[in-house]
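Trainee: Pasting a structure here, questions to come.
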Amino acid sequence: MTRSGHEYLASLRDGREIWLDGERVEDVTSHPAFRNTAASIARLYDLAHDSEHTPVLTQGGVHRAYAIPRSYEDLVARREAYKVWAEASFGFLGRTPDYMAGGAAGFAALPSLFRTEGYDGSAAALAYHRRLAEGDLYPTFTITNPQIDRTRSASEQEEDDLVVRVVAEKDGGIVVRGAKMIGTAAVFGNEVIVGTIEPLAPQDVEHAVCFSVPIDTPGLKFISRTSYEAQARSVFDNPLSSRFDENDALLVCDDVFVPWERVLAYRNVDVSFGMWWRTPAYLNFVHQAATRFWTKLEFLTGVAILITKANNTYQLPPVTQAIGRLLGRVAQAKAFVLAAEASYEEVDGGRGGVAPGKDISFAQRIMAGELYPQAVQEIKLLAGGGVIQLPASGEDLLHPELGPLVRKYIRSPGTPAEDRVKLLKLAWDALGSEFAGRHEQYERFYHGAPHVYLMQQAWEGDAPACEALAQACLDGYDLRSTR
Ligand SMILES: Cc1cc2nc3c(=O)[nH]c(=O)nc-3n(C[C@H](O)[C@H](O)[C@H](O)COP(=O)(O)OP(=O)(O)OC[C@H]3O[C@@H](n4cnc5c(N)ncnc54)[C@H](O)[C@@H]3O)c2cc1C
């Protein structure tokens with residue numbers, strides 16, 4: 001059954017080992033670097049648990065993202081659920097629980113993939129899905145190897161144990177050691193699944209392991225990046241970073257014991273790679289992410305419209321055209337979601353499930369990674385210096401001497417100073433702050449680096465159809481057509 005936000009917050013007070021600025025964080029729900037974002041996530045749980053959105057967000061008392069979609073209509077219903085949560089954070093919480101929930105549903109759609117001669121992880125894969133769905137848990141994931149030296153495979157790094165690997169087998173499970181990046185939202189999660197989405201070399205067999213453990217598992221450490229929430233002056237001054245800083249953390253496994261029932265892949269490079277790519281897990285990720293991306297563009301475009309209206313530039317033809325271009329980009333982002341659903345495919349060898357179309361889902365990553373920085377630049381161009389020429393905080397507006405000055409000089413016709421400062425501070429938080437910079441990097445990399453996904457598109461895209469069409473044109477004439 002779904003949990004209330006209150007129950008979710010209580011689940012985070014479990015003694016997890018989170019480090020920030022050289023200090024161990026006792027309780028993420030009350031710490032100034034995390035508490036507002038934890039509360040924002042709790043609100044998502046409340047929306048699903050008991051609100052007007054509950055029928056859209058759940059099915060049979062379980063979040064809809066956990067359902068294995070069996071038809072086009074199921075995909076549409078799942079997207080409608082994704083959209084409600086995406087709108088609740090204006091697209092700035094990327095790794096809400098529904099992201100990895102789709103991954104778990106993807107594993108459950110094709111459990112046979114986890115069954116090999118050497119190890120059968122199919123029961124663990126199904127148990128993972130069932131445990132998360134029934135407990136309404138927040139699943140997070142670290143499935144990228146630390147960069148260290150990208151020219152060497154996991155087992156060939158200059159020291160052992162830099163990348164998570166199995167160091168011992170014990171009664172009832174395995175012991176793992178090493179690091180993984182980047183645990184987005186892991187500090188707010190209930191479980192983290194540790195694996196490798198990149199292909200591993202045949203010699204990396206000790207690293208070819210995938211397991212999911214509770215965040216408070218002994219030996220599991222999360223080293224947080226700078227907290228933008230902690231840096232935020234107030235909600236008025238930093239309305240996004242103060243409430244939607246989903247955090248990113250380095251995961252360190254310091255001899256962590258993992259029981260077999262939590263091990264999905266074991267010493268098998270084909271399974272550790274195929275579980276993401278041959279099940280619908282990755283396509284389900286993109287379905288959530290593409291819906292969120294579309295929502296975020298809607299939000300940013302809305303901010304652009306409000307700024308240009310406040311600055312009284314909206315009706316200038318070049319500005320109206322720029323808004324038109326942004327609205328076209330919103331439609332483009334939406335079109336990728338709808339087209340991936342319409343081109344759905346049955347899961348080969350699975351349990352009767354379907355997944356969004358691969359070709360279009362894969363292409364969405366290229367479009368989004370390229371479009372996001374462009375859209376941000378376009379909106380900054382529309383905003384001009386107003387987003388910089390702002391009082392340091394709302395305190396200046398409240399000050400008896402400064403307040404009247406700020407109100408006099410930071411205003412626009414029809415937009416009082418308070419509204420203008422509020423809008424432009426929101427815009428800068430979204431477009432130019434350190435939080436905004438992280439978002440640009442996120443949209444470029446969270447689904448892999450371009451050298452990976454462009455190569456994948458070259459393999460998976462319909463090259464034969466394109467080639468055949470060009471060839472058909474060539475076949476329609478020859479040298480005799482010279483005269
Ligand atoms: C904000 C953010 C949040 C993230 N959250 C998560 C998360 O929750 N869980 C998770 O598992 N991962 C997460 N990631 C990690 C993400 O999956 C990786 O960033 C992505 O897979 C790319 O890997 P990399 O960052 O190691 O880049 P690299 O693979 O090191 O690539 C960086 C650049 O190096 C060059 N390069 C490297 N190797 C090659 C090559 N072989 N050929 C050509 N050029 C090359 C390219 O210029 C490339 O753009 C997150 C990333 C970001 C930025």
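Just so it is clear, none of the values below were taken in a lab; they were calculated from the coordinates. Predicted, not measured: the structure shown is a model, and the values here were computed from it. Cβ coordinates were reconstructed from backbone atoms using ideal geometry, including for glycine residues, and neighbour counts include every protein chain displayed.
Trainee: Let me check I've understood the local charge: for residue 52, count other residues with C-beta under 15 angstrom from its C-beta, Lys and Arg +1, Asp and Glu -1. What total comes out? Spell out each step's value before the answer.
Mentor: Working: positive: 43, 83; negative: 46, 50, 80, 87.
It works out to a net charge of -2.
Trainee: Same structure again: Positive end of the charge dipole of the chain (Lys, Arg +1 and Asp, Glu -1 on Cβ, about the Cα centre): tell me which of 436, 412, 118 has its Cα farthest that way.
Mentor: It is 412.
Trainee: Considering all alpha-carbon pairs of segment 371-483, what whole percent are spaced by more than 26 angstrom?
Mentor: When all Cα pairs of segment 371-483 are counted, 53 percent exceed 26 Å.
Trainee: Right, here's the next one. Roughly how many Å is it from the Cα centre of segment 209-225 to that of segment 234-304, as a whole number?
Mentor: Segment 209-225 and segment 234-304 have Cα centres spaced 15 Å from each other.
Trainee: How do the peptides 138-144, 260-266 rank, highest first, by the average count of neighbouring beta carbon atoms within 10 Å per residue?
Mentor: 138-144, 260-266
Trainee: Exceeding 25 Å between C-alpha atoms, which entries from my cross-link table qualify? They are 180/425; 180/334; 296/408; 221/358; 296/422; 83/358.
Mentor: Cα-Cα > 25 Å for 180/425; 180/334; 296/408; 221/358; rest within.
Trainee: By its C-alpha gyration tensor, with a ≥ b ≥ c as the square roots of the eigenvalues, how is the chain shaped: rounded for a/c under 1.5, else prolate for a/b larger than b/c, else oblate? Please list the in-between numbers first.
Mentor: Numbers: a/c = 1.79, a/b = 1.20, b/c = 1.49.
Judged from the Cα gyration tensor, the chain comes out oblate (a/c at least 1.5, b/c at or above a/b).
Trainee: Rounded to the nearest 500 deg cm²/dmol, what is the calculated helix-only ellipticity per residue at 222 nm for the chain, with -39500 (n - 2.57) per DSSP H run of length n ≥ 4? Write down the numbers at each step before the final one.
Mentor: Numbers: 17 runs with 228 residues, N = 483.
The helix contribution divided over the chain gives -15000 deg cm²/dmol.
Trainee: Size of the dipole of segment 235-344 about the Cα centre, Lys and Arg at +1 and Asp and Glu at -1 on the beta carbon, nothing else charged, in debye to 20?
Mentor: Around 600 debye, computed over segment 235-344.
Trainee: With the contact rule set at Cα under 8 Å and sequence spacing of 6 or more, what percent relative contact order holds for segment 1-130? Provide the component values of the computation, followed by the final result.
Mentor: On the way: 130 pairs, mean separation 24.3, N = 130.
Over segment 1-130, the number comes to 19 percent.
Trainee: To continue, here is another question. Only counting other Cβ atoms within 10 Å, I'd like 210, 466 sorted with the fewest neighbours first.
Mentor: Values: 210 29, 466 10.
Arranged by neighbour count, lowest to highest, 210, 466 become 466, 210.
Trainee: Could you give me D for segment 171-249, from Stokes-Einstein at 20 °C and 1.002 mPa s, where the hydrodynamic radius is the Kirkwood radius over C-alpha pairs? Units µm² s⁻¹, please. List each step's numbers first, then the result.
Mentor: Working: Rh = 14.9 Å.
It comes out at roughly 143 µm²/s.
Trainee: With +1 on each Lys and Arg Cβ and -1 on each Asp and Glu Cβ, and nothing else charged, work out how big the dipole of segment 1-122 is about its Cα centre, in Debye to the nearest 20. Kindly include the intermediate steps, with their values, before the conclusion.
Mentor: On the way: 13 positive and 17 negative charges, 48 e Å.
Here the size comes out at about 240 debye.
Trainee: Turning to a different aspect of this structure: Once you charge only the Cβ atoms, +1 for Lys and Arg and -1 for Asp and Glu, what is the size of the charge dipole of segment 322-466 about its Cα centre, to the nearest 20 debye?
Mentor: Charge dipole of segment 322-466: 560 debye, to the nearest 20.
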